[in-house]
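The values are calculated or read from the model by the stated rules, or taken from the named source; none is laboratory data. Here the structure is a predicted model, which means the values were calculated and not measured. Note that we place each Cβ from the backbone using ideal geometry, even for glycine, and neighbour counts take in every protein chain shown. Ligands, DNA and RNA are excluded from the accessible area calculation, which covers all protein heavy atoms including side chains. Shrake-Rupley method; radii C 1.70, N 1.55, O 1.52, S 1.80 Å.
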Amino acid sequence: AGERLKPWEDRVTLVHSNFCEIKSVLDDLNIEGVDGILLDLGVSSYQLDEPERGFTYREDVPLDMRMDRRQTLTAKDIINTYGEMELFRIIRDYGEDKFAKNIAIHIVRAREEKAIETTGELTEIIKQAIPAKIRMAGGHPAKRTFQAIRIELNKELEVLENTLDDMIDLLNEGGRICIITFHSLEDRIVKTFIKDKSQGQKVPNGLPLTFEETEKMRLATAKLEPVGGAIKASSEEISANVRSRSATLRVCQRLKRLQ
């Protein structure tokens, strides 16, 4: 990014940090509010395309999956130290794999023989846990488990849920936040958040108010207004960049703050 943005270096500040640190980062830069925030969630193509980063299930490389390599915990640690029920929960909740229980059982059984150290070893174990008929019909059998382990390792959903409120508070009036998600778990969090912040606080029943008055009170506490609906990649974009097919962009705008 530094090289690509060099012509505009006097207008760009690069910070290597997790976006959950956005408040402290802006404090350090003496920035009180921003007009725009773009979140491009998930793994970057650069990380996927470097086998040594350990995100791929298509090559046999050390299990890593760290988005930030300053972190010490790796996918290998999760696979070899989490209990069977923890692995089941992760694969079920983050991978939405109906064979989560059997995959967890097979992982625990395999590591009793030797530590699971590579993506290839893990992929073979997952294949053994899924019926052959299902393996032939669906996508790659390891895809969901690898997604689940990656999400757990990098705390992707936890960071997203815990940071959106901070980001809205940092937006100036009329400022926009644009969020690109790449799977249903992320998109569900974002969609629910936008809905809640657009509706405002519910007015208690029984107050001596007209419908118009209760609506006015409710909307007065709303923080966001959606800008259009969900945006998907066009067929032209997908043909040029197949990875864009799973992307969903949602945009919303900060409403006027209460005086």
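State all residues of the stretch 95-127 that are assigned to a loop (DSSP other than H, G, I, E, B) and either in contact with a strand residue (DSSP E or B) (Cβ under 7 Å, 6 or more places away or on another chain) or charged (D, E, K, R) (or both); if no residue qualifies, say none.
Listed by number, the residues that qualify are GLU96, ASP97, LYS98, LYS114, GLU117.
Consider the stretch 157-192. How many of its residues are assigned to a strand (DSSP E or B) and either without any contact (Cβ under 8 Å) to a residue 12 or more places away in the chain or open to solvent by 60 Å² or more (accessible area, probe 1.4 Å) (or both)?
Keep residues of the stretch 157-192 that are assigned to a strand (DSSP E or B), which gives 171-181.
Next, from what is left, pick out any that are either without any contact (Cβ under 8 Å) to a residue 12 or more places away in the chain or open to solvent by 60 Å² or more (accessible area, probe 1.4 Å) (or both): 173, 176.
Here the count works out to 2.
The residues of the stretch 94-104 that are under 19 Å from ASP64 (Cβ atoms) and either charged (D, E, K, R) or open to solvent by 40 Å² or more (accessible area, probe 1.4 Å) (or both) amount to a single one, TYR94.
Of all the residues that make up the stretch 110-122, how many are of a type in the set (S, T, N, Q) and open to solvent by less than 10 Å² (accessible area, probe 1.4 Å)?
Let us first name the residues in the stretch 110-122 that are of a type in the set (S, T, N, Q), namely 118-119.
After this cut, where a residue has to be open to solvent by less than 10 Å² (accessible area, probe 1.4 Å) as well, the list is 119.
Total meeting the criteria: 1.
Screening MET85 against (1) buried (at least 17 other Cβ atoms within 10 Å of the Cβ); (2) part of a helix (DSSP H, G or I) leaves a single unmet condition, (1). For the stretch 72-88, the set of residues classified as touching a residue at least 40 places away in the same chain (Cβ under 8 Å) and either within 23 Å of LEU185 (Cα to Cα) or under 20 Å from the mean Cα position of the chain (by Cα) (or both) consists of LEU73, THR74, ALA75, ILE78, ILE79, listed by residue number.
If you take the residues in the stretch 10-26 that are charged (D, E, K, R) and surrounded by 11 or more Cβ atoms within 10 Å (Cβ to Cβ), which one is nearest to GLU161 (Cα to Cα)? So that I can check it myself, show each step before the final result.
So the first thing to find is which residues in the stretch 10-26 are charged (D, E, K, R), and the list is 10-11, 21, 23.
Those still in the list that are surrounded by 11 or more Cβ atoms within 10 Å (Cβ to Cβ) too: 21, 23.
Working: GLU21: 13, LYS23: 15 Å.
Among residues in the stretch 10-26 that are charged (D, E, K, R) and surrounded by 11 or more Cβ atoms within 10 Å (Cβ to Cβ), the one nearest to GLU161 (Cα to Cα) is GLU21.
Given the residues ILE125, ILE91, ILE107, which is the only one that is among the aliphatic types (A, V, I, L, M), surrounded by 16 or more Cβ atoms within 10 Å (Cβ to Cβ) and touching a residue at least 40 places away in the same chain (Cβ under 8 Å)? Talk me through it step by step, then tell me what you get.
Working: ILE125 fails: touching a residue at least 40 places away in the same chain (Cβ under 8 Å); ILE107 fails: touching a residue at least 40 places away in the same chain (Cβ under 8 Å).
The conditions single out ILE91.
Scanning the stretch 128-151 for residues that are surrounded by 13 or more Cβ atoms within 10 Å (Cβ to Cβ), β-branched (Val, Ile, Thr) and assigned to a helix (DSSP H, G or I) turns up THR145, ILE149, ILE151.
Among the residues of this structure, LYS98 counts as one that is farther than 22 Å from THR74 by Cα and out of contact with any Cys (no Cβ under 7 Å at 6 or more places or on another chain). Of the residues making up the stretch 28-48, those that are surrounded by 11 or more Cβ atoms within 10 Å (Cβ to Cβ) and either assigned to a helix (DSSP H, G or I) or without any contact (Cβ under 8 Å) to a residue 40 or more places away in the chain (or both) are ASP28, ILE31, SER44, GLN47, LEU48.
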